[in-house]
Amino acid sequence: GLEQLQYAGEYAFAECLSLTQLDLPGSIGIISEGMAIGCENLAEVNISEGIKGIESDAFIFSGVTLFNIPKSVEYIEIGAFAECDNLEKIIINNKECELHEEFVSAGTLICGYEDSTAYEYTLIYGHPFEVLDKADFPATSTCTQTTTTTTGTTTTTTCGDDGIRIST
């Protein structure tokens, strides 16, 4: 299986329309430039702890609806998750993850911690933001928003069945 994979080169799965799921082990270290560019039918990507970075255009034009980025990821380059029409949210578990300009398309919900680079990014680029208020948020959770507000006041929501609180 892929768990022993140590390197996946640039554009390794590019435009592979039959690819629907991708499990990326931490052993690869870096998600290469354009790795899954144009994989329109790619619905699920599991990024494991141990991955240190996600290079430019890694998943641009893919069909994924959610990306849960583990704490080990130190940077995400430009366009990594751009133009993913189905992408509803991206969860950033590393408070200090370096987020390059336009790493994700405008309007995508970003979940992260208060006083994090993810939060700062949303202030600069105008993305919606959900605050994760537990320092050890599990990398396998989905950060499901259960309530919304249109008045601009604070709303408390829960994340999955584990009761972790999220404030927006």
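The H on the amide N of ASN68, modeled in the peptide plane, is under 5 Å from the matching H of ILE47, ILE91, each at least 5 residues off or on a different chain. Roughly how many Å² of THR65 are accessible to a 1.4 Å probe, to the nearest 10? Near enough 60 Å² of accessible area. What does the net charge come to around MET35 if you take all other residues with beta carbon closer than 10 Å to its beta carbon, with K and R at +1 and D and E at -1? Residues near MET35 contribute -4 overall. For ALA80, the residues whose modelled amide H falls within less than 5 Å of its own, excluding neighbours fewer than 5 places apart on the same chain, are ASP57, ALA58. What the phi angles of segment 21-35 give under the Karplus curve with 6.51, -1.76 and 1.60, with θ = phi - 60°, is a coupling list of 9, 9, 10, 9, x, x, 5, 6, x, 10, 8, 5, 3, x, 3 Hz, glycine and proline written as x. Between HIS100 and ASN46, the modelled label-to-label distance comes to 2.8 nm, taking each label 7 Å out from Cα in the direction of the beta carbon.
Surface calculation, 1.4 Å probe, protein heavy atoms: GLU120 sits at approximately 100 Å² accessible. What the phi angles of segment 51-68 give under the Karplus curve with 6.51, -1.76 and 1.60, with θ = phi - 60°, is a coupling list of 5, 9, x, 10, 7, 4, 6, 3, 10, 4, 6, 8, x, 5, 9, 8, 10, 10 Hz, glycine and proline written as x.
Couplings 3J(HN,Hα) of segment 92-104, computed from phi: 10, 8, 9, 4, 10, 4, 6, 10, 7, 3, 6, 5, 9 Hz, in residue order, whole Hz [Karplus 6.51 cos²θ - 1.76 cosθ + 1.60, θ = phi - 60°; x for Gly and Pro].
Ordered from largest to smallest accessible area (heavy atoms of protein chains, 1.4 Å probe), the residues HIS127, HIS100 come out as HIS100, HIS127. Ordering GLU96, GLU49 by accessible surface, largest first, gives GLU96, GLU49; the 1.4 Å probe counts only protein heavy atoms, with every chain in place. Computed with every protein chain present, the accessible area of TYR121 is close to 10 Å² [probe 1.4 Å]. Figure note: ASP57, ASP23 ranked by solvent-accessible area, largest first, 1.4 Å probe, ligands and nucleic acids not counted: ASP23, ASP57.
The values are calculated or read from the model by the stated rules, or taken from the named source; none is laboratory data. On a predicted model such as this, the values are computed, not experimentally measured, just so you know. Neighbour counts run over all protein chains shown; Cβ positions are idealised from the backbone, glycine included. In case anyone asks, the SASA skips ligands and DNA or RNA and just uses the protein heavy atoms, side chains included. Shrake-Rupley method; radii C 1.70, N 1.55, O 1.52, S 1.80 Å.
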